[in-house]
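**Student:** Can you keep this structure in mind? I'll have questions shortly.
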Amino acid sequence: MKKILVVTGLMLIAACGTSVYAQKYMTRTGKISFDASTPTSPEKIDGKNNEVACLLDTKTGDVVFQLQVKGFKFEKQLMEEHFNEKYMESDRFPKSTFNAKITNLSEINFGKDGTYNATVAGKMNMHGQDKEITATGTITVAGNKIKISAKFKAKLDDFKIVVPNLVADKVAKEALVTVDAELNQK
Amino acid sequence: MIGLCLAVTLFSAIKSSAQDLMAELNNDLPKQKNYAFATFKSTRLIDGATVECLGQGVLDFRISHRFGDVSQGLSDFYGMDNALTRLSLDYGVNKWLMVGIAHNVFDKEDNGDIKIKLLRQQIGGGSPVTVSYFGSISVQTTPAPTLPDSTYKWLFSNRLYFANQILIGRKFSKTFSFQLMPTLVHYNLVDSSKFSNNTFALGAGFRWMFTRSSAVTAEYYYRLNNTNMLVQGQPTYNVFSIGYEVETGGHVFQVMLTNAQGLTERTFIGQTTQSWSKQQLHLGFNISRVFTIVKPKGYVAPAKDGDDKKW
């Protein structure tokens, strides 16, 4: 009986311990936008998604992003339809994910307010294709909020996103992706 | 026992790799609904309406043209000399409501249309079909006929027609969509008391994309009653149309071959006086051009920082 009590106690301590030290931050309203315009584009080709989910574990430096492709908003509804129908095939591939790790975790002090340069590397899944991506950006710690900002380029070819020849010079080969997410302690 | 406990503690500490973090994120997110979109490319398949509504704040200007009867031969330049036109403006009030007005050359008929999206097809559970209601009121504005004597009155209501449709569409694959259109057309005035004022019809249509931006379409309306209806002494037939549809940026261009020359529901569904069996066919085209009037919510115009020359 005593033994069982001890075990239970230890387990409780263990459970408490992990929940105290597992510092996780999350948001469901992160913002990711892309711009695939070229100087010869007749109109700006850009979309914004304001419903990006992101979860960060400050202890391990793991960070994951997830979004619904159909959540991208465009200035023109027709562009949104083309984006989903012809380019992203979002009926088949409804989600995009980024499974990454902060590579310079030791340089970031999550316990202290400030802005830190950060590099993340990991696997991005888009249009059903996986691709290793490295991005640099900043992590801003402010109280129990963490802000992640990054910019990187994604090559359409890497994700097998086909641009027809007719508009090949009007759609950029690489899309400039901007990430902005404010995470709250979970 | 304590060993086991320690193992559990250790395990839970090591556990949180990126994969698990993604699983944790998935658990925290509400289940996302994946709605089918672009079941049809346009708000009209050939003559009749599709389940599609315009996007919020989008204005659609359509020019529909039906040439005369091809069987007239060279004397009428295979129908090219005799065309009927419909000009329409449709507007997407919100995601599920669309309103429109139109003018038709035939009988100088004016239309007021409404389309309401009632259900959306969902991928992976939910509704298997998209359902819309389409309603149309039309008034013909030709001069009143000469009446036998002053005891007869030509009422305004004689000029009115009403069409109601339930549109049930499904996108079966990326390239194939199909829809059924149960229809009721009400005529306030018919040519004889032998005919009913209500024509019930069941329509069916499909769209099959054979390239990235072009498709073959077809549409048929089968009348369930009133098949003996005469229009100015001429028999009426069910309408069947085949079309080719191509999309180029903001335009949708549709070319078709059909036995109906009229462009309102009351004419092409219930009062088509020409038939495929007599090769009385009409070439025609629809041009749709969309304009974004109100920008969608959630889209914030990019900051004007010199690169707005790209516009």
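The values are calculated or read from the model by the stated rules, or taken from the named source; none is laboratory data. None of the values given here were measured: they were computed from a predicted structure. When we count neighbours, we look across all protein chains shown, and the Cβ atoms used for this are built from the backbone with ideal geometry, even at glycine. Heads up: the accessible areas ignore ligands, DNA and RNA and are worked out on the full protein's heavy atoms, side chains in. Shrake-Rupley method; radii C 1.70, N 1.55, O 1.52, S 1.80 Å.
**Student:** Take the residues in segment B:121-173 that are among the polar types (S, T, N, Q) and assigned to a strand (DSSP E or B), then tell me which one is nearest to B:His186 (Cα to Cα).
**Tutor:** For segment B:121-173, the residue satisfying everything is B:Asn164.
**Student:** Quick check, is A:Ser41 part of a loop (DSSP other than H, G, I, E, B), crowded, with 20+ Cβ neighbours inside 10 Å and at the interface with another protein chain (Cβ under 8 Å from one of its Cβ atoms)?
**Tutor:** For A:Ser41, the condition - part of a loop (DSSP other than H, G, I, E, B), crowded, with 20+ Cβ neighbours inside 10 Å and at the interface with another protein chain (Cβ under 8 Å from one of its Cβ atoms) - is not met.
Yes/no matrix, rows are residues, columns are (1) out of contact with any Pro (no Cβ under 8 Å at 6 or more places or on another chain); (2) hydroxyl-bearing (Ser, Thr, Tyr); (3) more than 15 Å from B:Val290 (Cα to Cα):
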{"site": "B:Ser75", "(1), (2), (3)": "yes, yes, yes"}
{"site": "B:Met80", "(1), (2), (3)": "yes, no, yes"}
{"site": "B:Ser88", "(1), (2), (3)": "yes, yes, no"}
{"site": "B:Gly92", "(1), (2), (3)": "yes, no, no"}
{"site": "B:Met98", "(1), (2), (3)": "yes, no, no"}
{"site": "B:Asn111", "(1), (2), (3)": "yes, no, yes"}
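**Student:** Hey, any hits in segment B:29-45 for a residue that's modelled with pLDDT under 90, away from chain A (no Cβ under 12 Å), in a strand (DSSP E or B) and crowded, with 16+ Cβ neighbours inside 10 Å?
**Tutor:** The answer is no; no qualifying residue exists.
**Student:** If you scan segment A:54-87, which residues turn out to be in contact with a strand residue (DSSP E or B) (Cβ under 8 Å, 6 or more places away or on another chain), in contact (Cβ under 8 Å) with a residue 40 or more places away in the chain, more than 8 Å from chain B (Cβ to nearest Cβ) and open to solvent by 10 Å² or more (accessible area, probe 1.4 Å)?
**Tutor:** A:Thr58, A:Phe65
**Student:** Listed residues B:Gly249, B:Gly203; which is in contact with a helix residue (DSSP H, G or I) (Cβ under 9 Å, 6 or more places away or on another chain) and farther than 14 Å from B:Ala49 by Cβ?
**Tutor:** Unique residue meeting the criteria: B:Gly249.
**Student:** Hey, can you tell me all the residues within segment A:92-130 that are among the aliphatic types (A, V, I, L, M) and either within 14 Å of chain B (Cβ to nearest Cβ) or under 24 Å from A:Lys59 (Cβ atoms) (or both)?
**Tutor:** Matches in segment A:92-130: A:Ala100, A:Ile102, A:Leu105, A:Ile108, A:Ala118, A:Val120, A:Ala121, A:Met124.
**Student:** I would also like to ask the following. Which one of B:Gly135, B:Gly112 is away from chain A (no Cβ under 14 Å), open to solvent by less than 10 Å² (accessible area, probe 1.4 Å) and at pLDDT 95 or above?
**Tutor:** Checking each option against the conditions leaves just B:Gly135.
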